[in-house]
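Worksheet: one structure, shown below.
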Amino acid sequence: LKELLEKFHFYWLEDWKYFSTDSMMTSSENKIKALALPEVVLRKLYYENALNWYPGIK
């Protein structure tokens, strides 16, 4: 279970980095630039969507 949770955490961090920064990242051996989405969009992706998916988590 610990390994699975660590894997989920790793991928969550990679997704966060891709959406929230303008870093260069590697995907399937290709270099890509992260999106650097505005805070309002990140809030929708990570917070507001979670409220819709998991009622009662406020």
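None of the figures in this text is laboratory data; all of them are computed from the coordinates on show. All values derive from a computational prediction rather than experimental measurement. Neighbour counts run over all protein chains shown; Cβ positions are idealised from the backbone, glycine included.
Estimated purely from DSSP H runs of n ≥ 4, each contributing -39500 (n - 2.57), the mean residue ellipticity at 222 nm for the chain is -14500 deg cm²/dmol once divided by its residues. For Lys33 and Glu6, a Förster radius of 35 Å and the Cβ-Cβ distance give a FRET efficiency of 0.85, rounded to the nearest 0.05. Calculated on the alpha-carbon coordinates, the convex hull of the chain measures out at 104 cubic angstrom per residue.
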